[in-house]
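J.: The structure's right below; bear with me while I get my questions together.
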Amino acid sequence: QVQLQESGGGSVQAGGSLRLSCAASGSAYWAWFRQAEGKEREGVAYIYAGAGDTWYGDSAKGRFTIAYDNSKNTLYLNMNNLKPEDTAMYYCAAARYAPSRVLSAAEYSYWGQGTQVTVSS
């Protein structure tokens, strides 16, 4: 059974870094999404844990890194050079099978409860 639970959110200054964690087991297709107040859900990053293939949304490229630790059954999102526009609720998600559109929320069947990230100037 797929289980997901995010942690590590908080308030940080612009330019700072933050690591989000997600206790994640039961799949190999993992992703991070975020949703700001009044905005649509946005795909941030994807990883296929079986081979380490990754994919990033445009806003995350060059700043964020997704990783999965098989020994700890934990999904990570390392966020660097954070900007105020990164402020959102962040969710980890899992797909039943290899997703055709890795950053599309419709591909994912399992979701965590979310962890809030707030970036101030």
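The values are calculated or read from the model by the stated rules, or taken from the named source; none is laboratory data. Keep in mind the model is a prediction, meaning the values are calculated, not measured. Please note: Cβ atoms are built from the backbone with ideal geometry, for glycine as well, and neighbour counts cover all protein chains shown. Note: areas computed on protein heavy atoms with side chains; ligands, DNA, RNA excluded. Shrake-Rupley method; radii C 1.70, N 1.55, O 1.52, S 1.80 Å.
J.: Does the range 15-27 include one or more residues that are outside any strand (DSSP E or B), on the phi < 0 side of the Ramachandran plot and of a type in the set (A, V, I, L, M)?
T.: No.
J.: While we're looking at this one, here's another question. When the range 42-69 is examined, which residues are found to be at pLDDT below 95 and open to solvent by less than 10 Å² (accessible area, probe 1.4 Å)?
T.: None; the set is empty.
J.: Now, a different point. Are there strands (runs of 3 or more DSSP E) fully within the range 43-120 with at least 3 residues that are touching a helix residue (DSSP H, G or I) at 6+ places or on another chain (Cβ under 9 Å)? List them.
T.: Correct list: 115-120.
J.: Before we move on, is Ser21 hydroxyl-bearing (Ser, Thr, Tyr), more than 10 Å from the chain's Cα centre (by Cα) and surrounded by fewer than 21 Cβ atoms within 10 Å (Cβ to Cβ)?
T.: The answer is no for Ser21.
J.: When you scan the range 1-14, how many residues do you find that are assigned to a strand (DSSP E or B) and either touching a helix residue (DSSP H, G or I) at 6+ places or on another chain (Cβ under 8 Å) or among the β-branched types (Val, Ile, Thr) (or both)?
T.: Residues meeting the conditions: 1.
J.: Of the conditions (1) closer than 19 Å to Ser11 by Cα; (2) open to solvent by less than 70 Å² (accessible area, probe 1.4 Å); (3) not β-branched (Val, Ile, Thr), Gln116 fails just one. Which one is it?
T.: Result: Gln116 passes all but (2).
J.: Next question. Return yes when Arg34 is among the basic types (Lys, Arg), open to solvent by less than 70 Å² (accessible area, probe 1.4 Å), on the phi < 0 side of the Ramachandran plot and modelled with pLDDT of 95 or more and no when it is not.
T.: Here the answer is yes, as Arg34 does meet what is asked.
J.: Additional query: Inspect the range 77-95 for any residue being open to solvent by 40 Å² or more (accessible area, probe 1.4 Å), within 16 Å of Gln3 (Cβ to Cβ) and not hydroxyl-bearing (Ser, Thr, Tyr) and give the result as yes or no.
T.: No: the range 77-95 contains no residue that is open to solvent by 40 Å² or more (accessible area, probe 1.4 Å), within 16 Å of Gln3 (Cβ to Cβ) and not hydroxyl-bearing (Ser, Thr, Tyr).
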